[in-house]
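Visitor: Once you've had a glance at the structure underneath, I'll fire off some questions.
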Amino acid sequence: MEKETERFYKTFCKMTQSKSGMWEQRFYTDGNLAPCWGYQIDETASVIYGVYNHFEHTNNLKFLKDTLKMCENATKYLKKYIENLLNGKEEEYKSYDLWEENEGIHTYSLAAIFASFETMLKIYNKLKPEFEGNRLKLEKIEKEEILLKKYLLEIKDYILKNLYDNNKKTFIRNKDGKIDISLLGLVTPFNLFSPKEKKILNTIEKMDLSIRTYTGGYLRYEGDNYVGGNPWIIANLWMAKYYIEAGNKKKATENFEFVVKTATEARIFARTSR
């Protein structure tokens, strides 16, 4: 669906981006703002990440150049968020988690921002030759690259200091200290840590003890009681992706097969699985 994806970024995302550079939580398909009940910082970061992911499929430099300003505006907004976070203004810059339930500073959200900054470095690297005759633009890009690299180090350091529980020896989703399947985002897709780092392995082990059910399915997080506390197929698919990254084909297959086996009689993957 390359054409549809390109239109999503070049038309829909440009049309719905706020002047500040961020995107609100929900929109109708015509671009009008839909009812919202919060703000999710990871959504703005994910647009930047998605732009480059699409480019990797198409290798279309024109698409990358056409969406550059949009991504730069989004990055500007995210940099402001990180600057305030690092300056101790956490209470002023809360956002909802990806489940749209908790306000705070979330590991998944910061991982998404980390990936968006890393993505901007990749975008600039690809587009630099396009600006060979524009000295001012190249100088601006070089300054931006230095700043983004600085933020990459600081975001990772913040996560290690504030969102890793040294007593439990695991990452936590936010200050509530819970284990959450979204912690996999640290490995896939956002690549802050390798799948076999000790801190990650400890976190995976804790997931198996705390959110893996007797069926083999995973809850979204500790104490998840949505529809009676059923596993979410997205959680198992995410875990399968982690095990692919870790080189464990057996575990990846187990998680994928759980999703297939719990499909409905009409062969539809359910949002939750009993």
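Visitor: Condition first: under 18 Å from Lys198 (Cβ atoms) and surrounded by 16 or more Cβ atoms within 10 Å (Cβ to Cβ). Now tell me which residues in the range 158-184 satisfy that.
Guide: Result: Ile159, Leu163, Tyr164, Thr170, Phe171, Ile172, Ile179, Leu183, Leu184.
Visitor: Of the conditions (1) without any contact (Cβ under 8 Å) to a residue 24 or more places away in the chain; (2) in a helix (DSSP H, G or I); (3) under 23 Å from Leu148 (Cα atoms), Ala74 clears all except one; give me its number.
Guide: (1)
Visitor: Picking from Thr213, Thr188, which residue would you name as being modelled with pLDDT under 95 and of a type in the set (Ser, Thr, Tyr)?
Guide: On inspection, the qualifying residue turns out to be Thr213.
Visitor: I'm told Ser46 meets every condition in (1) at pLDDT 95 or above; (2) more than 16 Å from the chain's Cα centre (by Cα); (3) surrounded by 15 or more Cβ atoms within 10 Å (Cβ to Cβ) except one. Can you identify the failing condition by its number?
Guide: The one condition Ser46 does not meet is (2).
Visitor: Now for a separate question. Could you tell me which of the residues Glu100, Glu154, Glu130, Glu118 is touching a residue at least 40 places away in the same chain (Cβ under 8 Å) and under 30 Å from Gly247 (Cβ atoms)?
Guide: Only one candidate qualifies: Glu118.
Visitor: Check whether at least one residue in the range 4-16 is assigned to a helix (DSSP H, G or I), among the polar types (S, T, N, Q) and over 18 Å from Ala74 (Cα atoms), and report yes or no.
Guide: yes
Visitor: Among what's in the range 194-210 and is within 20 Å of the chain's Cα centre (by Cα) and of a type in the set (S, T, N, Q), pick the residue that is surrounded by the fewest Cβ atoms within 10 Å (Cβ to Cβ).
Guide: Result: Ser194.
Visitor: Something else about it: Among residues belonging to the range 223-265 that are in a loop (DSSP other than H, G, I, E, B) and modelled with pLDDT of 95 or more, point out the one that is surrounded by the fewest Cβ atoms within 10 Å (Cβ to Cβ).
Guide: Gly247
The values are calculated or read from the model by the stated rules, or taken from the named source; none is laboratory data. Note that the structure is predicted; figures quoted are calculated from it, not measured. Virtual Cβ from ideal backbone geometry, glycine too; neighbours counted across all protein chains shown.
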